[in-house]
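S.K.: Please find one structure pasted underneath; my questions will follow.
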Amino acid sequence: MQVSLAAGELLPLTVTDVRQHMYCPRIPFFHHGLRLPVRPVTFRMQEGRRAHEEQEGREARRTLHAYGLTDGERHFGVQLRSARLGLAGKVDLVIVRAVEVIPVEWKDSEGPLALNHKYQLTAYALLCEEAWRRPARRAFVYWLPRRRATEVPVTPAMRRHTRRVLGEIRAAVASERMPPGTRQLGRCRVCEFLNWCNDRW
């Protein structure tokens, strides 16, 4: 199914698309190229949202000690959008300092940090830089069960790759060609889109 866009208009993508592309390139293609319905909200997803809401209340009462910071203004549940990148997303927490802006993502798991989550943070960093007009050289993941923060450097290579991912998603949708799937076949057994991948049985 061809997506209709005005001349020069970028296919609108989300930070979730970046994360899912890094997990398996076919997932954002199924959403944007084939227009398959988004999966229903599961109990685990509901529990994750509840944990995020509780964390926001706790975070607002705490210092920035968990992030090794003594100063910074906190913004919760920030909706970000960039027309230049054709990208949007909602980040759990943004810490704004005089010299930098830092996106923070809360994870309701024990870790470790996966590659797709690193690029999720990089995408948030690009959006934060544009919104606040100051550099985002790092991000944090805050592990809710452990109540620990992990710093994630945002490198030039990660920035370039994130932009490349946006281009790859758009190219797959524009060409109407399904991209290669993940090489980690164990992921396919629990994937909601397995029936659409006739080479994974």
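The numbers here are math on the coordinates, done by the rules we state, and not lab data. What you see is a predicted model; the values in this text were computed from it and never measured. Methodologically, a virtual Cβ is constructed for each residue, glycine included, from the backbone with ideal geometry; neighbour enumeration extends over all protein chains shown.
S.K.: Compute, for the stretch 13-196, the length of the dipole vector about the Cα centre, with Cβ point charges of +1 (Lys, Arg) and -1 (Asp, Glu) only. Units Debye, rounded to 20.
M.R.: Around 380 debye, computed over the stretch 13-196.
S.K.: Between Ala157 and Asp108, 0.36 nm times their residue separation minus their Cα-Cα distance comes to what?
M.R.: 14.9 nm
S.K.: Say the dipole of the stretch 129-201 comes from +1 at the beta carbon of Lys and Arg and -1 at that of Asp and Glu; which of Gly167, Pro153, Leu185 then lies farthest toward its positive end?
M.R.: Projecting each Cα onto the dipole axis, the largest value belongs to Pro153.
S.K.: Going by average Cβ density within 10 Å per residue, which order do the peptides 104-111, 166-173, 86-93 take, highest to lowest?
M.R.: 86-93, 166-173, 104-111
S.K.: Provide the gained length on full extension for the span Ala66 to Lys90, in nm with one decimal, where the gain is 0.36 nm per separating residue minus the Cα-Cα distance.
M.R.: Full extension from Ala66 to Lys90 adds 6.5 nm.
S.K.: I'd like to compare 180-188, 122-130, 26-34: which one has the highest average count of other Cβ atoms within 10 Å, and what's the full order after that?
M.R.: 122-130, 26-34, 180-188
S.K.: Return the long-range amide H neighbours of Val152 (sequence gap of 5 or more, or a different chain), with a cut-off of under 5 Å between placed amide H atoms.
M.R.: Answer set, sorted by chain and number: Ala139, Phe140, Val141.
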